[in-house]
Amino acid sequence: MNRYLPQSAAAGALTVAAIAFATIAGAWIFQDLGYPPCDLCYEQRYAYYVGVPLAALAFAVAKAGAPRTIVIAGLIALALIFAANAILAGYHSGVEAGLWPGPTACTGSLADQPKGNLLEQLQTIKVVRCDAVSLRVFGLSLANWNILISAALAALAARAAFSSR
């Protein structure tokens, strides 16, 4: 059995890196256009902050002829990261739809807020609500889109890992 990977693993890693980078870049663009992210949006970005460099690394080591176990481990890690992110985005979508409560940091009541001069706090703190959709693209919220994109990235990474066995 050949211990080195075919080009499909490298191509899969590069595809994941490119799509993940385009996705996080799109999130930054929407933020610059005046659509600030909520706490759950920020949490969903972590998968991209880890996934883009990991996918690029998996591509580089696959192209360099690294042993297949190293590249497959990276691809499986990518699949797990983006599968978990799809679940988090599903949770966020449920919060937006009112199916369940979200975290109190972005959906809580005023009773949960810190004590002190409330007027000063209200002038300086802007809470972006997790249960309010600020932007829809083709009828879907950004959390809805993240379910689809993260699931697709997980599937691409898993396919690259398991087709390389």
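The values are calculated or read from the model by the stated rules, or taken from the named source; none is laboratory data. Small disclaimer: the values here were computed from a predicted structure and weren't measured. Heads up, the Cβs are rebuilt from the backbone with ideal geometry, glycines too, and the neighbour counts pull from every protein chain shown.
What to note about this one:
- For the stretch 109-142, the candidate set comprises residues that are over 30 Å from ALA22 (Cβ atoms), in a loop (DSSP other than H, G, I, E, B) and small (Gly, Ala, Ser); within that set, the residue that is modelled with the highest pLDDT is GLY116.
- Considering THR23, THR69, the condition of being within 21 Å of the chain's Cα centre (by Cα) and among the hydroxyl-bearing types (Ser, Thr, Tyr) is satisfied by THR23 alone.
- Taking (1) in contact with a His (Cβ under 7 Å, 6 or more places away or on another chain); (2) surrounded by fewer than 18 Cβ atoms within 10 Å (Cβ to Cβ); (3) not polar (S, T, N, Q) in turn, PRO36 satisfies each apart from (1).
- Residue match in the stretch 32-39 (condition: under 14 Å from ALA160 (Cα atoms), part of a loop (DSSP other than H, G, I, E, B) and more than 14 Å from the chain's Cα centre (by Cα)): no
- Among the criteria (1) assigned to a helix (DSSP H, G or I); (2) surrounded by fewer than 16 Cβ atoms within 10 Å (Cβ to Cβ), the one GLY65 does not fulfil is (1).
- The residue list VAL50, VAL71 contains one member that is in a helix (DSSP H, G or I), surrounded by fewer than 21 Cβ atoms within 10 Å (Cβ to Cβ), of a type in the set (Val, Ile, Thr) and at pLDDT 90 or above, which is VAL50.
- Looking only at the stretch 143-165, residues that are among the hydrophobic types (A, V, I, L, M, F, W, C), touching a Phe, Trp or Tyr at 6+ places or on another chain (Cβ under 8 Å) and either at pLDDT below 95 or crowded, with 18+ Cβ neighbours inside 10 Å (or both) come to 3 in all.
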